[in-house]
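Following: one structure in structure tokens, then a few remarks.
The values are calculated or read from the model by the stated rules, or taken from the named source; none is laboratory data. Bear in mind the structure is a predicted one, so any value in this text is a computation, not a measurement. Neighbour counts are summed over all protein chains in view; Cβ atoms, including those assigned to glycine, are modelled from backbone coordinates with ideal geometry. Just so you know, the surface numbers come from the protein's heavy atoms only, side chains and all, with ligands and any DNA or RNA stripped out. Shrake-Rupley method; radii C 1.70, N 1.55, O 1.52, S 1.80 Å.
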Amino acid sequence: MQAIGKSPQEQPNNDSDHCSSGHEGSFLDDFSDVDSADDEVITKTVSDEDSKLAFLRRMGYKEADASIAITRCGTEATISELADFICAAQIAKAEDAFFAEDEKKPKHLDKQKKRSFLESEVLEKKRQKGLENGDDEGVRLPNPMVGFGVPTEPGIVTRRTLSEAAIGPPFFYYENVALAPKGVWQTISRFLYDVEPEFVDSKHFCAAARKRGYVHNLPIHNRFPLLPLPPNTIHEALPLTRKWWPAWDERTKLNCLQTCIASAKLTEKIRKALEAYEGEPPLHVQKFIMDECRKWNLVWVGRNKVAPLEADEVEMLLGFPRNHTRGGGISRTDRYKSLGNSFQVDTVAYHLSSLKDLFPGGINVLSLFSGIGGAEVALHRLGIRLKNVVSVEISNVNRSIMSCWWEQTNQTGNLIHIEDVQHLTADRLEQLMNMYGSFDLVVGGSPCNNLAGSNRHHRDGLEGKESSLFFDYCRILDVVKNLTSRYS
DNA sequence: ATAATAATGAAACTCGCG
DNA sequence: CGCGAGTTTCATTATTAT
């Protein structure tokens with residue numbers, strides 16, 4: 001409860017108004033010497049500034065505090081930097097109050113002191129940001145990316161100490177892309193009780209890569225994989241491609257399965273390029289083709305013929321049952337999209353497997369950003385009974401996919417749909433918990449739209465339009481945690 | 001209207017070398 | 001250690017087809 005406890009909602013209470021009114025002038029005065037004062041930059045970032053302001057407001061900060069932070073840190077500052085600044089300002093405020101009562105300093109000296117304190121805070125942040133390949137505090141990706149262990153290498157780490165605030169109930173499991181912009185995982189970790197993320201590449205579970213970070217408070221000893229083990233190489237997963245696979249294509253694993261597939265134009269271009277030669281093409285042609293094959297996950301389906309994966313194949317590689325996303329009115333395009341946004345079931349199941357012994361009678365699940373139900377499928381395949389599942393998912397085709405699966409697997413529990421996480425208020429949560437009992441697991445991966453490397457247009461980090469829903473995950477988890485501790 | 005198609009780089013990582 | 005080359009990435013938007 002550290003991170004959240006320190007956070008917005010409860011924080012500004014103590015000393016918010018003398019923060020805003022009293023010293024506003026001095027903050028504004030200081031602005032002149034902050035960084036660049038380019039006219040262009042300022043006009044260009046006005047809307048950006050507005051959105052950040054709105055965002056900080058949504059996080060629960062007072063408008064005045066948020067406004068000061070933006071003015072002081074500059075419009076280039078990230079949300080997390082701004083949040084840090086507000087915290088620092090409040091600490092400084094408290095210290096000021098302390099000193100003011102303790103010793104009787106002249107007022108201007110007080111100001112001076114605070115200014116330098118805040119200055120150093122800002123400089124510290126800038127310094128951390130400036131350090132490219134970070135050092136001490138930076139979250140580093142493990143190499144190989146196997147987290148606390150994978151089935152082939154179990155028990156890399158068997159013990160870890162969680163902060164008091166992180167320990168359940170409920171258990172929680174949060175997921176997002178590992179290769180997010182810098183600073184994102186620090187923020188995610190800080191908001192989730194400072195739990196160290198477990199970074200895992202699903203290529204250690206199946207035939208396709210999927211680099212993801214998982215923040216959870218689950219036990220990490222005695223995990224076990226789903227059986228049967230899924231195909232581990234491209235050849236095992238797609239045996240028909242072997243016949244056409246050229247020796248100079250040395251791939252054994254596919255790259256990350258995404259939401260879009262290659263164009264027909266590209267596969268035709270590759271075919272034409274190959275048909276110009278008998279036998280092996282020259283190296284520069286091989287290079288071109290391999291680059292495209294890796295970029296678009298193309299596989300060999302005939303002589304000189306490559307093709308993108310079929311949706312069925314993506315489904316299988318991600319560990320979903322056959323036809324899980326097929327039919328029911330979903331378009332082919334949307335099917336790729338839903339699959340591309342989903343969990344790799346075997347990976348997630350391995351992490352969740354430690355729950356099986358703990359809940360022999362089944363569990364209640366709060367599933368946020370459920371998508372096509374990767375978490376539910378994983379739990380089901382682990383043989384963990386789903387008693388009550390409250391599933392929050394904005395897309396109606398995804399909700400319908402989940403409903404169909406629920407029916408087809410003859411679930412004995414209840415499935416409750418909610419459309420929007422933003423409508424899942426504390427009152428509604430209390431109501432649900434009174435009706436169905438407390439939640440044993442809060443699971444979900446919030447939108448990666450604004451974090452993912454493939455996004456050319458709006459890769460603007462956690463404060464992005466969709467990715468900021470991460471903070472709703474935090475909010476909801478916090479409410480569930482508080483309600484749970486109250487009733488047990 | 002809805003669905004399919006195609007065009008659109010950059011940030012941040014890894015690795016090897018001097 | 002720093003540097004540069006090489007590699008990977010849960011996508012958005014505009015346009016065309018159905």
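Some observations on this one:
- Per-residue ³J(HN,Hα) for segment A:312-321, Karplus 6.51 cos²θ - 1.76 cosθ + 1.60, θ = phi - 60°, Hz, x for Gly and Pro: 4, 6, 4, 3, 5, 4, 7, x, 8, x
- In the context of the full set of protein chains, segment A:214-311 has a per residue accessible area of 58 Å² (1.4 Å probe).
- Close amide H contacts of residue A:445 (hydrogens built in the peptide plane, cut-off under 5 Å, sequence separation of 5 or more or a different chain): A:175.
- The Rg/Rh ratio for segment A:369-488 is 0.99, where Rg is the radius of gyration of the alpha carbons and Rh is the Kirkwood radius.
- Of the accessible area of segment A:234-317, computed with a 1.4 Å probe over protein heavy atoms only, carbon and sulfur atoms account for 53 percent.
- Summarising the amide proton neighbourhood of residue A:208: residues at separation of 5 or more, or on other chains, whose placed amide H is nearer than 5 Å comprise A:254.
- Whether segment A:234-317 is rounded, prolate or oblate, judged on the alpha carbon gyration tensor where a/c under 1.5 counts as rounded: prolate
- For residue A:415, the residues whose modelled amide H falls within less than 5 Å of its own, excluding neighbours fewer than 5 places apart on the same chain, are A:389.
- The figure for residue A:406 is an accessible area of roughly 20 square angstrom, using a 1.4 Å probe on the protein chains alone.
- Accessible surface computed residue by residue for segment A:364-449, with neighbouring protein chains in place and a 1.4 Å probe, gives 39 Å² per residue.
- Listed values for segment A:188-202 are Karplus-derived 3J(HN,Hα) couplings in whole Hz (6.51 cos²θ - 1.76 cosθ + 1.60, θ = phi - 60°), namely 4, 4, 5, 6, 9, 6, 6, 6, 6, x, 9, 8, 9, 9, 5, and x replaces Gly and Pro.
- Here the accessible area of segment A:370-452 is 44 percent carbon and sulfur, with a 1.4 angstrom probe and all protein chains present.
- Paired Rg and Dmax values of segment A:391-452, which use every Cα atom, in angstrom: 13.4, 38
- Centroid-to-centroid, using Cα positions, segment A:282-326 and segment A:193-220 are 24 Å apart.
- Backbone HN-Hα couplings from phi across segment A:445-461 [Karplus 6.51/-1.76/1.60, Hz, Gly and Pro as x]: x, 7, x, 9, 2, 8, 10, 6, x, 6, 7, 6, 9, 10, 8, 10, x
- Top positive-direction residue, dipole computed over segment A:234-317 with Cβ charges, set A:254, A:284, A:238: A:284
- Across segment A:359-488, Cα pairs under 8 Å and at least six residues apart give a relative contact order of 26 percent.
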